[in-house]
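In what follows, a structure is listed as structure tokens, so that the remarks can point back to it.
The numbers here are math on the coordinates, done by the rules we state, and not lab data. Everything numeric in this text was worked out from a predicted model, so none of it was measured. Heads up, the Cβs are rebuilt from the backbone with ideal geometry, glycines too, and the neighbour counts pull from every protein chain shown.
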Amino acid sequence: MLQRIIVDCRPAAANGLVGSRQAATGGAGGRVPSDAESATLRPMPGHSCRFPEPSACIDWPVVDGDVTLWPSAFDTVEADALYAELMEGIDWQTEDVVIFGRSQRVPRLVAWHGERQARYTYSGTPHEPLPWTPALSAVRRRVTTLCGFDFNSVLLNRYRDGRDGMGWHADDERELGRNPVIASVSFGDVRRFRLKHRRRPEHRLDLDLPHGSVLLMSGSLQHHWLHALPKTDRPCGERINLTWRRIFTTSA
């Protein structure tokens, strides 16, 4: 049975996470956060973040878009194995992008995989897709099942330590369609993922994405919100992030 829950942003967190939860089908004591509130998902001291079913998900009722998180889309054994396979089996590359007319080295390693027609250009850099690997095919099947969307490509980012990061941006390129659907899969060390509304600064959302989690951004979110993975001085290990998307072509 699908377990779908919505976030209550009050500080009290008897269940071990910042922000208590209420089943979407009902339950006493919970409330939906107001539009002006922000929320952070992270383990409280002395607690662990555990969801027994891969299909258990959290919906954040944000304005101008949809955000859903599956904290345990992959169990620990699966996530560890996929992390190791991706670390060794992907041809990780450094990359330069054009920002405001200037070429800059991105602070992370990258790779682009997908179906043959899934050519993608962002920040002035064209990407020709490499073929699926067994690990990517396995992740794709799980993400497709959970999200109910047919993704044909994936951008892989490898953050080696806290000096690697991703600045504020939106995945709103024309190839991604009118309302892009982006599924972000995280393996490895936990890093803080941030979202903020473009025009309404009181609307923001900070998430510490667990190892083996899937975050879905959909609806009109990419038109109204920006997201980032900030650099950090906190000691941290490596993290692999896979952002699944569908590239639309003239022949698609």
In a shell of Cβ-Cβ distance under 10 Å around residue 221, excluding residue 221 itself, what net charge do Lys and Arg (+1) and Asp and Glu (-1) give? -4
Dipole size in debye (nearest 20) for the range 81-145 around its Cα centre, Lys and Arg Cβ +1, Asp and Glu Cβ -1? 240
Could you compute the net charge surrounding residue 176? Neighbours are other residues with a C-beta less than 15 Å from the C-beta of residue 176; K and R count +1, D and E count -1. -1
For the range 134-191, size of Cβ-based charge dipole, Lys and Arg +1, Asp and Glu -1, in debye: 200
Expected sort for 77-83, 129-135 on mean C-beta neighbours within 10 Å, highest first, is 77-83, 129-135
Provide the gained length on full extension for the span residue 63 to residue 77, in nm with one decimal, where the gain is 0.36 nm per separating residue minus the Cα-Cα distance. 1.5 nm
Expressed as a whole-number percentage, the relative contact order of the range 115-252 with C-alpha contacts under 8 angstrom and at least six residues apart is 35
State the Kirkwood hydrodynamic radius of the range 87-211 in Å, one decimal place, computed from all pairs of distinct Cα atoms. 16.3
Please work out whether the range 114-153 counts as rounded, prolate or oblate from its C-alpha gyration tensor, where a ≥ b ≥ c are the square roots of the eigenvalues and a/c under 1.5 means rounded, while otherwise a/b larger than b/c means prolate and anything else oblate? prolate
In which sequence would 211, 169 go, from the one with the fewest C-beta neighbours within 10 Å to the one with the most? 169, 211
